[in-house]
Amino acid sequence: MPVVPLKFRPHTDGLLIFADDAGGYFKSDDAFLHRYACGQLTSSDQSFLSTNGHAYDSVGDLTFSGFEHRFAERLYLPRELDYVILVPTLRCNLACGYCQVSRVNETTPGFDWDDVTLEAVIRFLDGLSAKKIKVEFQGGEPLLRLDVITKVRDFCRQRFEACEIVICTNLQEVSGPAWELLAEPDIFVSTSLDGNRISHQKQRTATDQKTDQFFANLEFAVSKLGPEKISALPTIDPHHAPSPQEVIKTYLDYDIRSIYLRPVNHQGFARKKFDARTSAAAWNAYHASFIEALIEYNWYSEVAIEEYYLVHCLRRVLRSGHNGHVDLRNPNIVGHSYVVIDYDGKIYPTDEARMVTRVGQFDLSMGDVFTGVSSETIDSLNAEALNNFHPDCGHCPYQAFCGVDLVDDISRYGRIDIPKHLTDFCQRHMSIFDRIFAMIYSDDPKVQKTLALWSGAPRFDPLLAKVHR
């Protein structure tokens, strides 16, 4: 009976995690590994592997076809372009030390769309084939160009069957007309709340007055718009991080129950002021302590709180189809399902690509809204945007759940061919998936409760934790 290729990795309890190319997994011991490697599988081994879809009678039988289907479902097929990030200005009324996009001062001229650029952007949107669209305004501070947001909003509403508009704002200064815009049903707010008041002031607002102003605006936004329309993301310096308990309390004070933890990115100004290039070990330790704090909180609370990214990775482990997060797809084909249009009309395949270009490292632009898109840059990137055949990834049991981030590799190392296990991306995700499998195979009722809540199940299912001896 043929067996599909299995990859393995030591687990925390001395056993091994095995997984196939389609993401089917189980735990076993060194004795099974020896039998598998030496072609000495017992009838018990063969029965277990066959029952769980890891073995088949012949190519083309139902079991093999099922494996092929599961494998195909793990791959991301780019859809039509239906998500556009727009940057109408680089001007900003804050000067955050970790700014990824190298913003400019609020009064600096020459860093905004003019009327010609705005019309070209609208023509670009009009040329899309999608019936529904998501438009995300970034900056700078996009609320400085309320006029542009309003014109794009009006166009999208009449051009597409449905539109979702996200405004990434620091919520520092919000005018009356801006509050009215943010209250509209198809408009959502994404902002930054850096853990607690002390960290937020240190990294973003600088003064007590500005800090008071931000928290007052955040409180007003939650009460006026509703917490379901507010996404607040913390950017954490793992070397000087607030305690997980402080972060959780701050977010709960504003009824925000999904926290997307992000380390300071190695982009823009951050590379000058923060030790962000090789911070995976410090970040992994902090992230682990944060997950433990969430598990403890969820045990006693009737309403769960989550860490968004780990939950996303968990769901990728448990089932296929969770490709909504653009930085964790396989293949991670860029420049197709979403693009970024910068303040000067240039088009980029990702937001990180414009950051790499902005600091003068590499030009990763792919044309502009005036002359059209050139595929040369993205074709070069996309030729390597698959983790299935990379010599490191090909032997990793987490390969089916993971992705690839070539732009991050370019930013940190200036190349895309560095061995994956040496990259920050790999080191952080190995830690995340190790933690997820530790949770899946834990017999701690606190962990099982959180696992059920985060996976969307009414209770923890022991069948998730397959073991073969």
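What follows is calculated from the coordinates using simple rules that are stated; it is not laboratory data. Everything quoted here is computed from the prediction, not taken from an experiment. So basically every Cβ, Gly included, is an ideal-geometry build from the backbone, and we count neighbours across all protein chains shown.
Please report, in whole Å, how far the alpha carbons of the stretch 3-51 spread along each principal axis, starting with the longest.
28, 24, 16
If R0 is 35 Å, what FRET efficiency do you get for residue 150 and residue 223 from their C-beta distance, rounded to 0.05? Don't jump to the answer; show the numbers that get you there.
Details: r = 24 Å, r/R0 = 0.68.
The computed FRET efficiency comes out at 0.90.
DSSP loop GluC sites (Glu not before Pro) in the stretch 1-108 with at most 16 other Cβ atoms within 10 Å of their Cβ, which ones?
On the way: sites: 68, 73, 80, 106; in loops: 80, 106.
Loop-located and lightly packed - 80, 106.
Can you tell me what the convex hull of the Cα atoms of the chain projects to on average, as an area in nm²? Intermediate values should be presented prior to the final figure.
On the way: hull surface 92.5 nm².
With every direction weighted equally, the projected area is 23.1 nm².
Extending each Cα 7 Å along its Cβ direction at residue 162 and residue 80, get the distance between those two points in nm, one decimal.
Using points 7 Å along Cα→Cβ, the separation is 1.5 nm.
Tilt of helix 146-159 relative to the longest C-alpha principal axis of the chain, in degrees (0 to 90, nearest 10)?
The answer is roughly 60 degrees.
Pairs 249/446; 210/346; 420/466: which are spaced more than 24 Å apart, C-alpha to C-alpha?
Beyond 24 Å: 210/346; 420/466.
Along Cα→Cβ, 7 Å out, is where each label goes; now give me the distance between the ones at residue 69 and residue 463 in nm to one decimal.
1.6
Taking Cα atoms, how many degrees apart are the long axis of helix 308-318 and the longest axis of the chain, rounded to 10 and kept between 0 and 90?
30
Taking 0.36 nm per residue of separation and subtracting the Cα-Cα distance, what length does fully extending residue 9 through residue 50 add?
Numbers: separation 41, 0.36 × 41 = 14.76 nm, distance 2.12 nm.
Separation in residues times 0.36 nm, less the Cα-Cα distance, equals 12.6 nm.
By DSSP, what percent of the beta bridges with both residues in the stretch 83-376 are antiparallel, rounded to the nearest 5?
The antiparallel proportion sits near 20 percent.
Angle, helix 244-253 long axis vs. longest principal axis of the chain, Cα atoms, 0 to 90°, nearest 10?
Once rounded, one gets 50 degrees.
For the stretch 146-194, which GluC sites (Glu not before Pro) pass both filters: DSSP loop (anything but H, G, I, E, B) and at most 13 other C-beta atoms within 10 Å?
Loop-located and lightly packed - 161.
Given a Förster radius of 60 Å and the C-beta distance between residue 175 and residue 40 as r, what FRET efficiency does 1/(1 + (r/R0)^6) yield to the nearest 0.05? Each step should come with its number before you reach the end.
On the way: r = 73 Å, r/R0 = 1.22.
That gives a FRET efficiency of 0.25.
Quick one: what does P(r) look like for the stretch 345-406 with 5 Å bins over all Cα pairs, in whole %?
Spelled out bin by bin, the stretch 345-406 gives 4, 17, 21, 18, 13, 13, 8, 4, 1, 0 percent.
Counting pairs of alpha carbon atoms under 8 Å apart in space and at least six apart in sequence, what relative contact order in percent does the chain give?
Across the chain, relative contact order equals 18 percent.
So what is the relative contact order for the stretch 1-74, in percent, with contacts set as C-alpha pairs under 8 Å and at least six apart?
Reported relative contact order: 30 percent.
What number, rounded to the nearest 500 deg cm²/dmol, is the helix-based mean residue ellipticity at 222 nm of the chain, given -39500 (n - 2.57) per DSSP H run of at least four residues and division by all its residues?
On the way: 17 runs with 182 residues, N = 469.
Dividing the helical sum by the residues of the chain leaves -11500 deg cm²/dmol.
Quick query: amide H of residue 232 versus all other amide H atoms, modeled in the peptide plane; which residues come in under 5 Å with a sequence gap of 5 or more or a different chain?
191
Can you compute the modelled spin-label distance between residue 216 and residue 115, with each label point 7 Å from Cα toward Cβ, in nm?
Between residue 216 and residue 115, the simple spin-label model gives 3.7 nm.
Could you name the lysines in cross-link range of residue 151, using Cα to Cα under 17 Å and dropping any fewer than eight places away on the same chain?
Partners found: 134.
Please work out the ratio of the alpha-carbon Rg of the stretch 207-345 to 2.2 N^0.38 Å and round it to two decimals. Numbers along the way, then the final one.
On the way: Rg = 17.2 Å, N = 139, 2.2 N^0.38 = 14.3 Å.
Cα Rg divided by the expected 2.2 N^0.38 Å: 1.20.
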